[in-house]
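In what follows, a single structure is set out as structure tokens and then discussed.
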Amino acid sequence: MTTAPLGEETPVPPMPERTPKALRAAIAQHAPQLLVDFDRHWRRDIADAYDLAPVPAFMARWWSEYALARDPRLETKVHRLEDEAAQEPDYARAKALIEEAGRIRRSAARAEPGR
């Protein structure tokens, strides 16, 4: 895997292949704080399943989580927006903050393998 530059700062690791095994390895290497929850979710919903229907939803969730976590600057921005929204007394302003955080999350989740 190569790394893509993040402005003038730390390189952001590329997205892995779109498989559970590759995603888990990337999380373990670049966002280990997510690993316990990833593994717990895997064991609870996927590992012993006789139906693979939940796998796409599992991958979508964790793809998105990793896409954000691999870029600490972006992750910090999203969490700051969400925290501000939680404290904002003005409903319209809180809604705008949450919508902005959601746009950033969705954009990060669209990252393709290798990018």
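For the range 26-43, the Karplus equation 6.51 cos²θ - 1.76 cosθ + 1.60, evaluated at θ = phi - 60°, returns couplings of 5, 4, 4, 7, 10, 9, x, 5, 8, 4, 4, 5, 4, 4, 4, 5, 4, 4 Hz by residue, with Gly and Pro reported as x. The spacing between the range 17-59 and the range 93-110, judged by their C-alpha centroids, is 23 Å.
Suppose only helical runs count, i.e. DSSP H with n ≥ 4. What mean residue ellipticity at 222 nm does that imply for the chain under -39500 (n - 2.57) per run, divided by all residues and rounded to the nearest 500 deg cm²/dmol? Don't skip to the end; give the middle numbers.
Details: 5 runs with 69 residues, N = 115.
After summing the helix terms and dividing by residue count, I get -19500 deg cm²/dmol.
For the chain, the gyration tensor built on C-alpha atoms gives an oblate shape. Its axis ratio a/c (a ≥ b ≥ c) is at least 1.5, and a/b is not larger than b/c.
No value in this document is a laboratory result; all are computed from the given coordinates. No experiment lies behind these values; they were computed from the predicted model shown.
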